[in-house]
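The values are calculated or read from the model by the stated rules, or taken from the named source; none is laboratory data. Because the structure is predicted, anything quoted here is derived from the model rather than measured. Using ideal geometry, Cβ is built from the backbone for each residue, glycine included, and neighbour counts are taken over all protein chains shown. Note: areas computed on protein heavy atoms with side chains; ligands, DNA, RNA excluded. Shrake-Rupley method; radii C 1.70, N 1.55, O 1.52, S 1.80 Å.
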Amino acid sequence: MFDFTVRARSGHWVLQDAEAGDLGAYDTRDEALAAAGDWVRLIEMPWPVLVCDADGEWDQTLVEPTCLH
């Protein structure tokens, strides 16, 4: 199953999975979390994502699956 982390790194936000590694780099935290929502659409349920900002502060947020339009 997914083990997502969003980390601030070198002016970007990187979406990572514990098994797959880096899944993409994004300009904003919100874009990275939206990308995580695209991935959790596969399991069709909200999923926790750890977030580490540029200061090394950790937080956790729940990401909803992206809706299919």
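Close amide-amide hydrogen proximity is noted between GLY24 and LEU15, each under 5 Å apart and 5 or more residues distant or on a separate chain (H modeled in the peptide plane; Pro and chain starts excluded).
The order of TRP39, TRP58 by accessible area, most exposed first and with a 1.4 Å probe, is TRP58, TRP39. Across the range 14-21, coupling constants 3J(HN,Hα) worked out from phi with the 6.51/-1.76/1.60 Karplus curve, θ = phi - 60°, read 10, 8, 10, 10, 4, 8, 8, x Hz, and Gly and Pro carry x. What a 1.4 Å probe finds exposed on the chain is 51% carbon and sulfur by accessible area, rounded to a whole percent. Pair-distance distribution of the chain: all C-alpha pairs, bin width 10 Å, starting at 0; shares per bin in whole percent are 24, 57, 18, 1.
Averaged over residues, the count of other Cβ atoms within 10 Å places the peptides 20-30, 6-16 in the sequence 6-16, 20-30, highest first.
Non-local amide H neighbours of ASP3 (under 5 Å, H modeled in plane, Pro and chain starts lacking H): which ones? Residues meeting the amide H criterion: ALA18, GLU19.
When you restrict to C-alpha pairs under 8 Å that are six or more residues apart and normalise by the size of the range 13-53, the relative contact order lands at 28 percent. Under 5 Å between amide hydrogens, built in the peptide plane, is the criterion, and for VAL63 it picks out TRP47, VAL49 among residues at least 5 positions away or on other chains. Taking all protein chains into account, the per residue accessible area for the chain stands at 65 Å² (1.4 Å probe).
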